[in-house]
Amino acid sequence: MLEQALTVFLEFLPIYAAVYAVNVFLYFATGWVLVKIQNRHPERRIQPHRRGEKRMWKEIRASVWSLTVTAGCLAGGILLSLKGWTFVAPLELSWWSVILMFVISIIAFDTWFYWAHRFMHTKLMYRFHAEHHRSVAPTVWSTYSDDLVDAFVMQSYYLWAVLILPIPVEVLILHRLWDHFNGTIGHSGFEFYASPLSRMPSPMVCVTFHDQHHSRFRYNFANFFSFWDRVCGTIDPKYDGQVKVFETMGQEQGAKKTAPGE
C-alpha cells in the first residue's frame, strides 16, 4: 500500500512541477503585458482615486504561494483522469467534444465559483478570504493573492470536475488557460471591454463587474457571467450604468481616432 502511494506520488510530482511552472510563467507574462497596455491608457482606470499598485509586491508574494494550491488542484485532476480514477470516462477528442465540454465546463465552473465565493463571504470562512479583499483596487497582480484555504475552495473545481464530467484532460487544461486570462484581465482595474455584450440583457461581463466586487464587497460574486448574480439579487445596482459610461467613453475615443485630420 505504501509502495503504491509512493508510485502515485512520483507520478504526480512531474505533472505538478510542470503545471506550477506554467502557471507562474503566465502570471508574470500576462501581468507584464497588461501593465504595458494600461500605462498607455490611464483614463481607463476604473477607480481613478485609488492606486492598487502600492500592494504589488505583497500581491506577488501571496500569488506565487497560492499558486502552489491552484497547480496542485489542476495537476491532481490531470492525474486522476490519466489514471482512469473517475466516475465517468472522458469523451474522445473531436471538434464537437472539445466545444461541448468546454462550454459545459465554463458553465459548471461559473456556478461553482458563484456559490463557493458566497460561502467564502460567510462569517465562518471570510477570515480565509480576507487576504484577497485587501486589494480594494485590484490589479493584474492580485488575481491569485489568496490565502491557501481560499485558493483550494475556489480552485478545487479542477480536482473534482474530472470525477463527474466526461471532460478530456486537454479541455480541462484549455479551461484553466481561459480562466487564467479571464481572471487576470478581470482583476486588472482598467476597462477596455465595456459593450452591450457585457450588460443587460447579455449574461456576459466586463472588468467593471469584478472590480465592483472588490470596491463594494457585497455584489458580483460570479466569474464569467452575471446570470447567478441577477437571479439571486447580488448584482451591483450600479453595474449596468457604469458599463454604459465606459462604453460611451470607448465610442468617443474611437470617433476621435477616425475623425478627419486626426
Pairs to check: K83/K123; K36/K83; K36/K244. Give those whose C-alpha atoms are more than 31 Å from each other in this structure.
-> K83/K123; K36/K83
Which residue, P203, P90, P42, tops the fluctuation ranking in a GNM of the chain built on C-alpha contacts under 10 Å?
-> P42
Along the charge dipole of the chain, which of G72, H133, L10 sits closest to the positive end, that is, farthest toward it, with unit charges on the beta carbon of Lys, Arg, Asp and Glu (+1, +1, -1, -1)?
-> H133
Dipole axis of region 131-209 (+1 Lys, Arg; -1 Asp, Glu on Cβ), positive-most option in A151, I164, F190 | F190
So what's the angle, to the nearest 10 degrees on a 0 to 90 scale, between helix 95-120 and the longest Cα principal axis of the chain?
-> 80 degrees
Of all stretches in the chain that avoid chymotrypsin sites (Phe, Trp or Tyr not before Pro) placed in a DSSP loop and having at most 16 other Cβ atoms within 10 Å, the longest is 88-191
Debye, to nearest 20: dipole size of the chain, +1 on Lys, Arg Cβ, -1 on Asp, Glu Cβ | 960 debye
In a Gaussian network model of the chain with springs linking alpha carbons closer than 10 Å, the residue among A62, A161, A89 that fluctuates most is A89
Sort H213, H129 so the one with the fewest other Cβ atoms within 10 Å of its own Cβ comes first.
-> H129, H213
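Every number in this text was worked out from the coordinates using simple rules, so none of it is lab data. On a predicted model such as this, the values are computed, not experimentally measured, just so you know. Positions of Cβ are backbone-derived with ideal geometry, glycine not excepted, and every protein chain shown enters the neighbour counts.
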